[in-house]
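One structure is given here, and the rest of the page talks about it.
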């Protein structure tokens, strides 16, 4: 039996699950919006704006739930600044330390893009802020940096689990990739939902649906590889958690792909909603199945 079964559990609960899920949505939405901003067409403008508008509120919620989850919430700033010297606290070897800084810097980029969207929509007194959006040089710089940080935020949580020396978490190297791919699929699903209700063009939605379908196939492959990489450790999922993982694969990947092939009109929302639910279930299974092993 792996030695990871004899380590102490961090006893993470729903706040950490919320952070992992919402952080993936924030980083993924911003990253997709940046790709569309740099390489998309004029018809994609509504989706691009939605991606930027989603990212900033979500990253704020992420910071809030992380702070609340601390045993001493008032000391959250110790993650970023040394309490004695007030110098920046950055440990490059620690995913937790680099993740805290990435979340902070990503939040700054997300805020600039957030206000730039309102400036673009013609809010009075904000015309200069339109320079924070491409094709302006400053706008390109902000969005590219923000996209790279969002990419990191979306996937580093899986790497963070891998260094905790807990069963499942420490027994595979694929959690970071799994969370990253899941963030891409759930973020695309969220943009499809909001874009369908928010007036995005049908061509833009169709393109994003094709992208999400491809990512869902890749996600299924990665999950299969994750299970295979665990070897005998995967037997810990031969219980209710394994059933829930199966529900996620069928209901959060296979069924949305089927709906994508068959559904149109009002049914278009079913697939993305299932993808979002599946992404949440995936993280719950990975976090709680290990957390409850002693």
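Only a single criterion out of (1) farther than 30 Å from residue 133 by Cβ; (2) touching a helix residue (DSSP H, G or I) at 6+ places or on another chain (Cβ under 8 Å) is not satisfied by residue 232, namely (2).
For the range 198-210, the tally of residues that are surrounded by fewer than 17 Cβ atoms within 10 Å (Cβ to Cβ) and touching a residue at least 40 places away in the same chain (Cβ under 8 Å) stands at 4.
The condition (being closer than 21 Å to residue 31 by Cβ and assigned to a helix (DSSP H, G or I)) is satisfied by just one residue among 224, 254, 207, 273: 207.
For the structure I just gave you, tell me whether residue 161 is under 21 Å from residue 31 (Cα atoms) and in a helix (DSSP H, G or I). It is false that residue 161 is under 21 Å from residue 31 (Cα atoms) and in a helix (DSSP H, G or I).
Residue-by-condition table, conditions (1) within 26 Å of residue 119 (Cβ to Cβ); (2) modelled with pLDDT of 85 or more; (3) under 10 Å from the mean Cα position of the chain (by Cα); (4) assigned to a helix (DSSP H, G or I):
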{"position": "1", "(1), (2), (3), (4)": "no, no, no, no"}
{"position": "15", "(1), (2), (3), (4)": "no, yes, no, yes"}
{"position": "35", "(1), (2), (3), (4)": "yes, yes, no, yes"}
{"position": "38", "(1), (2), (3), (4)": "yes, yes, no, yes"}
{"position": "45", "(1), (2), (3), (4)": "yes, yes, no, yes"}
{"position": "54", "(1), (2), (3), (4)": "yes, yes, no, yes"}
{"position": "57", "(1), (2), (3), (4)": "yes, yes, no, yes"}
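For the structure I just gave you, tell me whether residue 185 is within 23 Å of residue 287 (Cα to Cα), more than 21 Å from the chain's Cα centre (by Cα) and touching a residue at least 12 places away in the same chain (Cβ under 8 Å). The answer is no for residue 185. Consider residue 176 carefully, then state whether it is without any contact (Cβ under 8 Å) to a residue 24 or more places away in the chain and either surrounded by fewer than 22 Cβ atoms within 10 Å (Cβ to Cβ) or within 16 Å of the chain's Cα centre (by Cα) (or both). Answer is yes for this residue. Filtered by the rule that a residue be within 21 Å of residue 188 (Cα to Cα) and at pLDDT 85 or above, the range 246-269 gives 247, 248, 249, 250, 251, 252, 253, 254, 255, 256, 257, 258.
The values are calculated or read from the model by the stated rules, or taken from the named source; none is laboratory data. Computed from a prediction, not measured in an experiment: that's the story for all the values here. Cβ: placed from backbone, ideal geometry, glycine included. Neighbour counts: every protein chain shown.
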